[in-house]
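Reading through the structure tokens given below for one structure.
What follows draws every value from the coordinates through simple rules; no lab data is involved. All values reported here derive from a predicted model rather than from experimental measurement. Cβ coordinates were reconstructed from backbone atoms using ideal geometry, including for glycine residues, and neighbour counts include every protein chain displayed.
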Amino acid sequence: MFAYGSLIYRPGFSAAEVVVAALDGYGRRFWQGSPDHRGTPELPGRVVTLVPAPGERCLGLAYRLPADGAQQILAELDWRERAGFERVEVELELGQGRLSALSYLARSDNPHYLGPASLSVVAGEIAVRRGPSGSNLDYLRQLARALRRIGVERDHVFEVERELEGLLDQGPPDRTT
């Protein structure tokens, strides 16, 4: 299982093995709406998804699922990622070679897809959105910390984080948007 978002810092399952992996040709972007975890149907939060990005490399974690519990884990992940994400097969680059893996991504034709927006719009939405799993701001901060721990140095997540911290320095966000 390839994790590039919240599955990095909160997988919700025990893995048989975990390694840093790369997915070439994709970028991590805050383009997917979260009406069920980090927002509501009326005010969806923004979470990351994979988007085709020639020349980019998305670093994340590859989890080897335990053989005796893999089907249950996948069923639970299907439920967790139900709001617009679909399970897909991807080809990962590991230090010792290539490996096929599963991951979740939100295609642009799903009903919760928000698509690209300026950094200020994305950061402004993340600053104020909240859902049953907590604040969208907490999601961003946890993801940024997790990416730094695995050695990611440049990423869209950090651009949004810098923009958001600048907004927060200007005072408390308007919670009505």
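³J(HN,Hα) across segment 97-103 via Karplus (A = 6.51, B = -1.76, C = 1.60, θ = phi - 60°), whole Hz, x for Gly/Pro?
Running phi through 6.51 cos²θ - 1.76 cosθ + 1.60 with θ = phi - 60° gives x, 9, 8, 7, 8, 9, 8 Hz.
With N set to the residue count of segment 86-177, report its C-alpha Rg divided by 2.2 N^0.38 Å to two decimal places.
Values: Rg = 15.9 Å, N = 92, 2.2 N^0.38 = 12.3 Å.
Output field value: 1.30.
Enter the Cα centre distance for the pair segment 66-124 and segment 149-167, rounded to the nearest angstrom.
Here the two parts' Cα centres lie 20 Å apart.
Can you tell me the dipole magnitude for segment 2-169 around its Cα centre, using point charges on the Cβ only (Lys, Arg +1; Asp, Glu -1), in Debye to the nearest 20?
240 debye
Could you check the spin-label model distance between residue 98 and residue 24? Points 7 Å from the Cα along Cα→Cβ, value in nm.
Here the modelled spin labels are 0.7 nm apart.
Taking the alpha carbon gyration tensor of the chain, what are the square roots of 5 times its eigenvalues, largest first, to the nearest whole Å?
On the way: eigenvalues 143, 65, 43 Å².
Result for the chain: semi-axes of 27, 18, 15 Å.
Please determine, in degrees from 0 to 90 and to the nearest 10, the orientation of helix 119-128 with respect to the longest principal axis defined by the Cα atoms of the chain, where the helix direction is its Cα long axis.
So the helix axis and the longest Cα principal axis differ by about 90 degrees.
Using only Cα atoms, find the angle between the long axis of helix 136-149 and the longest principal axis of the chain, and express it within 0 to 90 degrees, rounded to the nearest 10.
For 136-149 against the chain, the angle is about 50 degrees.
Given H placed 1.01 Å from N in the peptide plane, which residues other than close sequence neighbours of residue 40 have an amide H under 5 Å from its amide H?
Amide H neighbours of residue 40, under 5 Å, 5+ apart: 45, 130.
Once you treat every alpha carbon in segment 14-90 as an equal point and sum by Debye, what is log10 I(q)/I(0) at q = 0.15, 0.18, 0.22 Å⁻¹?
Relative scattering, expressed as log10 I(q)/I(0), comes to -0.67, -0.92, -1.15.
Which angle from 0 to 90°, rounded to the nearest 10, does the C-alpha axis of helix 156-169 make with the longest principal axis of the chain?
30 degrees
Give me a comma-separated list of calculated 3J(HN,Hα) values for segment 66-81, in order, Karplus coefficients 6.51, -1.76, 1.60 applied at θ = phi - 60°, integers in Hz, x for any Gly or Pro.
Calculated HN-Hα couplings, in order: x, 4, 6, x, 4, 5, 5, 4, 4, 4, 5, 5, 4, 5, 4, 9 Hz.
Between residue 141 and residue 76, how high is the FRET efficiency from 1/(1 + (r/R0)^6) when r is the Cβ-Cβ distance and R₀ = 25 Å? Nearest 0.05.
Working: r = 25 Å, r/R0 = 0.99.
E(calc), rounded to 0.05, equals 0.50.
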